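Below is one structure; the comments refer to it alone.
The values are calculated or read from the model by the stated rules, or taken from the named source; none is laboratory data. Please read these numbers as outputs of a predicted model, since none were measured by experiment. All Cβ positions, glycine included, derive from the backbone under ideal geometry; neighbour counts span all protein chains shown.
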Amino acid sequence: MTTETIKKIKTVRPPYPFEAYSHVISQISKEGGGEFLITFPDLPGCMSDGETEAEAVVNGKDAFKAWVSARKDAGKEIPKPFYRPDTVPEVSGKFVTRLPKSVHAKLAERAKAEGVSLNTLVLALVAEGLGRKAA
């Protein structure tokens, strides 16, 4: 058995404060736990959750700090705040899409394995994908 020392990532001061970044809070379905998910459209993969919206924001601040520190440690640039909900056209937040049965089955399996609803999983994957594209 081999052991490896994990390098400690020091907390760094972000170039832009938490408050400069837009965030999206969505309620996770009752089947997925009924908690709240917080995502950051400008920060790919940065997300957290909480039992209440307020707790999701507190946990989101921790996720933000960790995300910025890890990104800096990896030598990657921190994206500038860009996304603003008031610049997005009026939308309902709901859309329907058809998937091949094989893709639907894989998504359902993964959601079950992660203990979340299919909607929560798809939301997280879309948020991560949009963030990756923007970065």
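Just checking, how many residues over the range 49-82 are farther than 16 Å from residue 14 by Cβ and either buried (at least 16 other Cβ atoms within 10 Å of the Cβ) or acidic (Asp, Glu) (or both)?
So the count comes out to 8.
Among the numbered criteria (1) touching a His at 6+ places or on another chain (Cβ under 9 Å); (2) modelled with pLDDT under 85; (3) β-branched (Val, Ile, Thr), which one does residue 39 miss?
Unmet for residue 39, out of (1) touching a His at 6+ places or on another chain (Cβ under 9 Å); (2) modelled with pLDDT under 85; (3) β-branched (Val, Ile, Thr): (2).
Across the range 83-98, which residue is surrounded by the most Cβ atoms within 10 Å (Cβ to Cβ) among those that are more than 20 Å from residue 20 (Cβ to Cβ) and at pLDDT below 80?
The qualifying residue surrounded by the most Cβ atoms within 10 Å (Cβ to Cβ) is 91.
Out of all the residues in the range 112-127, which are hydrophobic (A, V, I, L, M, F, W, C) and touching a residue at least 40 places away in the same chain (Cβ under 8 Å)?
116, 123, 124, 127
Applying the selection to the range 1-54, what residues are of a type in the set (Asp, Glu) and closer than 22 Å to residue 125 by Cα?
31, 35, 42, 49, 51, 53
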